[in-house]
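*Asks:* Okay, handing you the structure first.
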Amino acid sequence: MRKPIVVLILLIVSGNLIIGQERGNTRISLVLEPVISWMKSDYVLPDKRFGATSKGVLPGYNFGIKIDHFFSENYAFATGLTVNTAGGKIFYPLTDGFIPGVNYTYRLKHIEIPLGLRLRSDDFHRINIYGRFGLSPQFNIKASDRDGNTIRDEVKFFDLSYHLGAGVEYSLGGRNALMIGLIFNNGFVDITKNRDFEDKAIMNRFTLEFGFIF
């Protein structure tokens, strides 16, 4: 089920890329980005004195292409196709503290297709400032625990977050430029299928955006 959907995603993005190139209003960026991610759960015990807690961040990375379709000089519809590794650690209490709880570690890999707007300032001595915001739907292609065991049946195929980011571009001449920025992703749908706890677990990410624009 997952493979046909992934193939369809690739075809759609490739088609948009070809159309944009023909129109001459598209910029493509190659990106390689370090990621810090963590997970949060809303689970609480019946007495509401103890709840699930995030047990730290996991490092990861994001790579692929990002595509900007400019519909005016400073505004663009932003999309792309990237592969990211992220995840998090969650501790679930079993009682009021007298019995140890359970730790879950999720190491996840997704195909992400960001959808949003990119706002870009005019150039100033080869530098301009940009901002971006929108949605980040992504599709799970791999899931494992801290020991490397597969846990795909414990993770939902689809995840959705919103993203906000800003950064700077430095022109190298012509259409070429380097960019660096910071993007925050806030998840708002349950990413897990934990059978032991009725909860909503979301994933958040900070991404340091590095890219080459051509």
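The values are calculated or read from the model by the stated rules, or taken from the named source; none is laboratory data. It should be emphasised that the depicted structure is a prediction, and the values quoted were computed from it without experimental measurement. Here Cβ is always computed from backbone atoms with ideal geometry, including for glycine, and neighbour counts include all displayed protein chains.
*Asks:* Name the one entry in F98, F91 that is assigned to a strand (DSSP E or B), modelled with pLDDT under 95 and not polar (S, T, N, Q). Let's see the steps before the verdict.
*Replies:* Numbers: F98 fails: assigned to a strand (DSSP E or B).
So the residue among F98, F91 that is assigned to a strand (DSSP E or B), modelled with pLDDT under 95 and not polar (S, T, N, Q) is F91.
*Asks:* With the checklist (1) under 16 Å from A86 (Cβ atoms); (2) in contact with a helix residue (DSSP H, G or I) (Cβ under 6 Å, 6 or more places away or on another chain) in hand, flag the one item K193 doesn't pass.
*Replies:* If we test K193 against (1) under 16 Å from A86 (Cβ atoms); (2) in contact with a helix residue (DSSP H, G or I) (Cβ under 6 Å, 6 or more places away or on another chain), just (1) comes out false.
*Asks:* Quick check on L160: is it under 30 Å from P46 (Cα atoms), of a type in the set (A, V, I, L, M, F, W, C), within 21 Å of the chain's Cα centre (by Cα) and part of a strand (DSSP E or B)? Break it down into steps so the answer makes sense when it comes.
*Replies:* On the way: under 30 Å from P46 (Cα atoms): yes; of a type in the set (A, V, I, L, M, F, W, C): yes; within 21 Å of the chain's Cα centre (by Cα): yes; part of a strand (DSSP E or B): yes.
Considered against the rule, which asks whether it is under 30 Å from P46 (Cα atoms), of a type in the set (A, V, I, L, M, F, W, C), within 21 Å of the chain's Cα centre (by Cα) and part of a strand (DSSP E or B), L160 comes out as yes.
*Asks:* Can you tell me which residue in segment 46-75 is surrounded by the most Cβ atoms within 10 Å (Cβ to Cβ), limited to those that are in a loop (DSSP other than H, G, I, E, B) and among the hydrophobic types (A, V, I, L, M, F, W, C)? Walk me through how you get there before you give the answer.
*Replies:* First, the residues of segment 46-75 that are in a loop (DSSP other than H, G, I, E, B): 46-50, 52, 55-57, 71-74.
Now restrict to residues that are among the hydrophobic types (A, V, I, L, M, F, W, C): 50, 52, 57, 71.
On the way: F50: 16, A52: 23, V57: 18, F71: 9.
Residue satisfying both the conditions and the ranking: A52.
*Asks:* Separate question: If I ask for residues that are surrounded by 15 or more Cβ atoms within 10 Å (Cβ to Cβ) and in a strand (DSSP E or B), which ones from segment 185-206 would you list?
*Replies:* N185, G187, T192, A201, I202, M203, N204, R205, F206
*Asks:* How do the pairs read when you match residues in segment 68-94 that are in contact (Cβ under 8 Å) with a residue 12 or more places away in the chain with residues anywhere that are assigned to a loop (DSSP other than H, G, I, E, B) and hydroxyl-bearing (S, T, Y), using Cβ under 8 Å and keeping only pairs 6 or more apart or on different chains?
*Replies:* Partner pairs satisfying both residue conditions: N74/S121; Y92/Y43.
*Asks:* Still on this structure, I have one more. Does Y104 satisfy being part of a strand (DSSP E or B) and modelled with pLDDT under 95?
*Replies:* Numbers: part of a strand (DSSP E or B): yes; modelled with pLDDT under 95: yes.
Criteria met by Y104.
*Asks:* Working carefully through the options L81, L17, find the one that is in a helix (DSSP H, G or I) and either modelled with pLDDT of 90 or more or crowded, with 16+ Cβ neighbours inside 10 Å (or both).
*Replies:* So the residue among L81, L17 that is in a helix (DSSP H, G or I) and either modelled with pLDDT of 90 or more or crowded, with 16+ Cβ neighbours inside 10 Å (or both) is L17.
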